[in-house]
Amino acid sequence: MKTSTGVASSLLLRLDSQSSTPLHEQLFEGIRARILSGALAPGLRLPSSRQLAAELDVARSTVLQALDALTAEGYLVARAGSCTRVAPELPLLTGERSREPGLTGAARAANIGRRQGASRGPRLAAATRALRRSPVGAPRLGAAPRAFRPGVPALDLFPTALWARTVSRVHARASTGLLDGGDPSGHAPLREAIATHVSVSRGVRCSSEQVFITAGTQQAFDEVLRLALNPGDPVWVEDPGYPGARRAVRSAGGRPVPVPVDGDGLDVGAGLAHAPRARVALVAPSHQYPLGVTLSLARRMALLQWAERTRSLIIEDDYDSEFRHRGRPLTALQGLDDAGCVVYVGTFSKSMFPGLRLGFLVVPPSLVDVVSAARASASAPASSLEQAALAVFLAEGHFARHLRRMRAAYRERGEALLEALHADCAGVLAPRPCDTGMQVCAFLPAPLSDLRVRDEAARQGVEVAALSDYFLGRRRESGLIFGFGGVRPDDMRAGTRILARAIEAARRRGPRSSHPRAKGPPPR
């Protein structure tokens, strides 16, 4: 195959900043398509990442993510201290068989096997690329959690024996109705127990008829979005924010619109500027993920006024705000809603244990019949026996006692983490205050790459998340997300010492990240 020794002065690509596809993915697909079409010849030298960033008007990190992915898949060849070129030997697409003169049948069959990835569906192909780009040292799903994996609760403190006795008792007394599968809306006693609990603890105003049981937060997002959206409808999502929210929006056919988050939470003014007629806003007002900020009262009222004026929905993601370390939990946004605009979403994955896979949504009175009708022909959202056991657990007061114990434990563990970070990483990491939940966000100074620190920490046996992975729009800050829920206080220093070594190693290696994107937090 003839190779080129020339230099591409321009890639002649255009990126769409309004597209739901991230800019680095658009650049990846654009360069890949030009390579496979022959517009970029094998061996051709590409412009520098800085030149490409200036040409496309994007951050250099966006260009680096795309180039790293293309290099990992074999389309580009990059050498340290040198330029990046189109690979001299490229994979061929199925339609290029006519360009393979002289190949035997066996050789052609081998080429077809190598090319099968090109004919996969776009979601499967994207998942394959994500797997290839996962960080070095990252554990496989199901592996035991390491310090400081985000989203892992204090499973060592869960009352397993008490839960087991409750489940056994419910199973022994199960009625025919429970064994038959149960109500598609959820087990009635559990709906009643949840309505009582969120009314007392979160200030949610509802009856049990407004409560619907789900198989976790993701199902709740998916269910509401599919009912509310038409294809292409804009949806406000926090930026940075929970990746599962963006995935749910796209799966439902919506277009996620990144709205910046600052110290006062979601910037409602920015949302109005970017998409004033958005159909839905998906927010975590009481404890935003991953920054941990609280939506200010002024912005809460502005958000509610916008929803009432435009007849839009607000999905309130209240995933862990019951774990307020001092004082009572903040009143839910739903408790301030007089116009019936807020759908409140909760989960037991953090307050109980992730394997339970039970959550709930509280819909406005006007949507009760709509959601009931949509569920009429569906099966129960989760095991009716587990729902019944959870209802007993709540009704007998075990859940409330467990929450009180966890609040004290997470306060202790959060303080231990902050002390350990101050002892081992002072001057490099700037943690945000932590008064709720089980994670801490700490900022890194420029030009240190949080992606590179994440990868280096994974190699040395510590899990942290990179703040860059949570941005949908242009990355504004570099930082690390620490989960401390599953780490005992005495074990914090061991983890932060390893992290300090990883930061120093990443600093020596420079700002560029070897892996652009990691898997997000576990499902809720």
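VAL152 passes all but one of (1) at pLDDT below 95; (2) closer than 20 Å to SER383 by Cα; which number fails?
Evaluating VAL152 over (1) at pLDDT below 95; (2) closer than 20 Å to SER383 by Cα leaves (2) as the failure.
With respect to ALA252, is the statement that it is closer than 25 Å to LEU467 by Cβ, within 23 Å of the chain's Cα centre (by Cα) and hydrophobic (A, V, I, L, M, F, W, C) true?
No; evaluated as a whole, the condition is false for this residue.
Look at GLY269 and say whether it is within 23 Å of GLN18 (Cα to Cα) and part of a loop (DSSP other than H, G, I, E, B).
no
Hey, among the residues in segment 42-71 that are β-branched (Val, Ile, Thr), under 8 Å from LEU27 (Cβ atoms) and assigned to a helix (DSSP H, G or I), which one's nearest to the chain's Cα centre (by Cα)? Talk me through it step by step, then tell me what you get.
Going residue by residue through segment 42-71, those that are β-branched (Val, Ile, Thr) are 58, 62-63, 71.
Those still in the list that are under 8 Å from LEU27 (Cβ atoms) too: 58, 62-63.
With assigned to a helix (DSSP H, G or I) added as a condition, the list becomes 62-63.
Values: THR62: 19, VAL63: 22 Å.
Per the stated criteria, the residue is THR62.
Determine which member of the set ARG191, ARG205, ARG250 is within 24 Å of SER17 (Cβ to Cβ), open to solvent by 20 Å² or more (accessible area, probe 1.4 Å) and not in a strand (DSSP E or B).
Exactly one of ARG191, ARG205, ARG250 is within 24 Å of SER17 (Cβ to Cβ), open to solvent by 20 Å² or more (accessible area, probe 1.4 Å) and not in a strand (DSSP E or B), namely ARG250.
Could you check segment 440-456 and list, in sequence order, the residues that are open to solvent by less than 10 Å² (accessible area, probe 1.4 Å) and assigned to a strand (DSSP E or B)?
Passing the criteria: VAL440, CYS441, ALA442.
May I ask you to list the residues in segment 50-61 that are of a type outside the set (D, E, K, R) and open to solvent by 20 Å² or more (accessible area, probe 1.4 Å)?
Residues satisfying the conditions are GLN51, ALA54, LEU56, ALA59, SER61.
Can you say whether SER379 is part of a helix (DSSP H, G or I), open to solvent by 10 Å² or more (accessible area, probe 1.4 Å) and in contact (Cβ under 8 Å) with a residue 24 or more places away in the chain, as far as the supplied structure shows?
No.
For segment 266-276, state whether one or more residues are in contact with a helix residue (DSSP H, G or I) (Cβ under 6 Å, 6 or more places away or on another chain), at positive phi and not acidic (Asp, Glu).
So far as segment 266-276 goes, no, none of its residues is in contact with a helix residue (DSSP H, G or I) (Cβ under 6 Å, 6 or more places away or on another chain), at positive phi and not acidic (Asp, Glu).
ALA426 passes all but one of (1) under 21 Å from SER468 (Cβ atoms); (2) open to solvent by 10 Å² or more (accessible area, probe 1.4 Å); (3) hydrophobic (A, V, I, L, M, F, W, C); which number fails?
Condition not satisfied by ALA426: (1).
Which count do you get for residues in segment 208-235 that are part of a helix (DSSP H, G or I) and open to solvent by 10 Å² or more (accessible area, probe 1.4 Å)? Break it down stepwise before answering.
Here is the first cut: in segment 208-235, the ones part of a helix (DSSP H, G or I) are 208-210, 217-228.
From what's left, open to solvent by 10 Å² or more (accessible area, probe 1.4 Å): 208-210, 218-219, 222-224, 226-228.
Here the count works out to 11.
Of everything in segment 350-361 that's in contact with an Asp or Glu (Cβ under 9 Å, 6 or more places away or on another chain) and open to solvent by less than 10 Å² (accessible area, probe 1.4 Å), which residue is nearest to MET438 (Cα to Cα)?
Residues of segment 350-361 that are in contact with an Asp or Glu (Cβ under 9 Å, 6 or more places away or on another chain), as a first pass: 350-351, 356-358, 361.
Cutting the leftovers down to open to solvent by less than 10 Å² (accessible area, probe 1.4 Å) gives us 351, 356, 358, 361.
On the way: SER351: 11, LEU356: 18, LEU358: 19, LEU361: 22 Å.
Restricting to residues being in contact with an Asp or Glu (Cβ under 9 Å, 6 or more places away or on another chain) and open to solvent by less than 10 Å² (accessible area, probe 1.4 Å), the top hit is SER351.
Being modelled with pLDDT under 80, part of a helix (DSSP H, G or I) and open to solvent by less than 50 Å² (accessible area, probe 1.4 Å): is that true of LEU36 here?
yes
Looking at PRO258, PRO276, which is the one that is of a type outside the set (Lys, Arg), surrounded by fewer than 24 Cβ atoms within 10 Å (Cβ to Cβ) and assigned to a loop (DSSP other than H, G, I, E, B)?
PRO276
Quick one: how many residues across segment 306-341 are open to solvent by 10 Å² or more (accessible area, probe 1.4 Å), within 20 Å of ARG246 (Cα to Cα) and of a type in the set (A, V, I, L, M)?
Count: 1.
On the given criteria, is LEU225 of a type outside the set (Asp, Glu) and farther than 30 Å from SER20 by Cβ?
Answer is no for this residue.
For segment 492-499, does any single residue satisfy the condition of being open to solvent by less than 30 Å² (accessible area, probe 1.4 Å), closer than 21 Å to ALA59 by Cβ and hydroxyl-bearing (Ser, Thr, Tyr)?
no
Just one of SER185, SER207 is in contact with a Phe, Trp or Tyr (Cβ under 9 Å, 6 or more places away or on another chain) and more than 30 Å from GLY414 (Cβ to Cβ); which is it? Break it down stepwise before answering.
On the way: SER207 fails: in contact with a Phe, Trp or Tyr (Cβ under 9 Å, 6 or more places away or on another chain).
Checking each option against the conditions leaves just SER185.
Just give me the residues in segment 362-411 being under 17 Å from PHE323 (Cβ atoms) and under 26 Å from the mean Cα position of the chain (by Cα), in sequence order.
LEU403, MET406, ARG407, ALA409, TYR410, ARG411
Could you please give the count of residues in segment 477-510 that are closer than 21 Å to ARG413 by Cα and not in a loop (DSSP other than H, G, I, E, B)?
17
What's the total number of residues in segment 382-414 that are open to solvent by less than 30 Å² (accessible area, probe 1.4 Å) and either of a type in the set (Ser, Thr, Tyr) or outside any helix (DSSP H, G or I) (or both)?
4
The conditions are (1) within 13 Å of the chain's Cα centre (by Cα); (2) outside any strand (DSSP E or B), and GLU238 fails exactly one of them. Which is it?
Result: GLU238 passes all but (2).
Taking segment 457-476 on its own, how many of its residues are open to solvent by 10 Å² or more (accessible area, probe 1.4 Å), within 16 Å of GLN439 (Cβ to Cβ) and in a loop (DSSP other than H, G, I, E, B)?
Qualifying residue count for the region: 2.
The values are calculated or read from the model by the stated rules, or taken from the named source; none is laboratory data. This is a predicted model, so every value here is computed, not measured. Heads up, the Cβs are rebuilt from the backbone with ideal geometry, glycines too, and the neighbour counts pull from every protein chain shown. Accessible surface areas use protein heavy atoms only, side chains included; no ligands, DNA or RNA. Shrake-Rupley method; radii C 1.70, N 1.55, O 1.52, S 1.80 Å.
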